[in-house]
Amino acid sequence: MINIRYETLADYTRIAEVNTLAFGQENEAKLVEEIRRSDRYISELSLVAEVENVVVGHILFSYIDLVGEETLQVLGLAPLAVHPQFQRQGIGSGLIKAGLEIAEAKGETIVIVLGHPEFYTRFGFQPSVVYEIESPFPVPEDVFMVKPLQSYHQKYKGKVVYPPAFHGV
């Protein structure tokens, strides 16, 4: 039985552990801490997954910029981490679905992710080039993806600019 809920202060150490174990390094755990200290943090879009009251997964959506004719705030999904012992059990998928539902309810417009296409396309993510959105990184087109939400409008195009918190990743 998986329980998904908002993160609390008491979860911070365990969230850092889960990110470090999932990625095999501390960069993503530090990223989460940096975002929390920034004006890009959205408390209701930092979610944890629990199994038997133990945090085993975490997802964070935060604001990033989309720079085109104007600079627009959009959601970046990063990181998504599941403890290695609990991977491939639907926990990451549950976190994504819960986060996307909250983002829709908040009236957000689009979510951007750098990740595995075979995983993220299951949730409606498509290569960003389809929406005239440019990656700030030299990566294959299929790994930089976007998911338009109900409030999406065609003016959402341009180049993604990540805030300073991301510079250490």
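The values are calculated or read from the model by the stated rules, or taken from the named source; none is laboratory data. In this text the structure is predicted, and so the values were computed from the model without any measurement. Cβ: placed from backbone, ideal geometry, glycine included. Neighbour counts: every protein chain shown. All accessible areas refer to the heavy atoms of the entire protein, side chains included, with ligands and DNA or RNA removed. Shrake-Rupley method; radii C 1.70, N 1.55, O 1.52, S 1.80 Å.
What to note about this one:
- Rounded to the nearest whole Hz, the Karplus-based 3J(HN,Hα) values (6.51 cos²θ - 1.76 cosθ + 1.60, θ = phi - 60°) of the range 74-87 follow the sequence 10, 8, x, 9, 5, x, 10, 9, 10, 3, x, 5, 10, 6, with x at glycine and proline.
- Residues whose amide H comes within less than 5 Å of that of I2, counting only those at least five positions distant or on another chain, are absent (H built at 1.01 Å from N in the peptide plane).
- Rg followed by Dmax, in Å, when the chain is reduced to its Cα trace: 15.1, 48
- Members of K106/K155; K30/K97; K97/K155; K97/K147 lying beyond 22 Å, as alpha-carbon distances in this model show: K30/K97; K97/K155
- If you sort T121, T13 by accessible surface, 1.4 Å probe, largest first, the order is T13, T121.
- Other residues whose C-beta falls under 13 angstrom from the C-beta of P117 contribute a net charge of -1, scoring Lys and Arg +1 and Asp and Glu -1.
- Fully extending the segment from E141 to S93, taken as 0.36 nm per residue of separation minus the present Cα-Cα distance, adds 15.0 nm.
- Per-residue 3J(HN,Hα) values for the range 151-159, derived from phi via the Karplus relation 6.51 cos²θ - 1.76 cosθ + 1.60 with θ = phi - 60°, read 7, 4, 9, 4, 5, 7, 8, x, 10 Hz in sequence order (x marks Gly and Pro).
- Spin-label pair T13-I102: with each label point 7 Å from Cα along the Cα-Cβ axis, the two points sit 2.3 nm from one another.
- Helix content alone sets the calculated 222 nm mean residue ellipticity of the chain: runs of n ≥ 4 DSSP H residues at -39500 (n - 2.57) each, divided across all residues, give -7000 deg cm²/dmol.
- Taken per residue, the accessible surface of the chain reaches 52 Å², heavy atoms only and a 1.4 Å probe.
- Distance from the range 107-128 to the range 29-54 (C-alpha centre basis), Å: 19 Å
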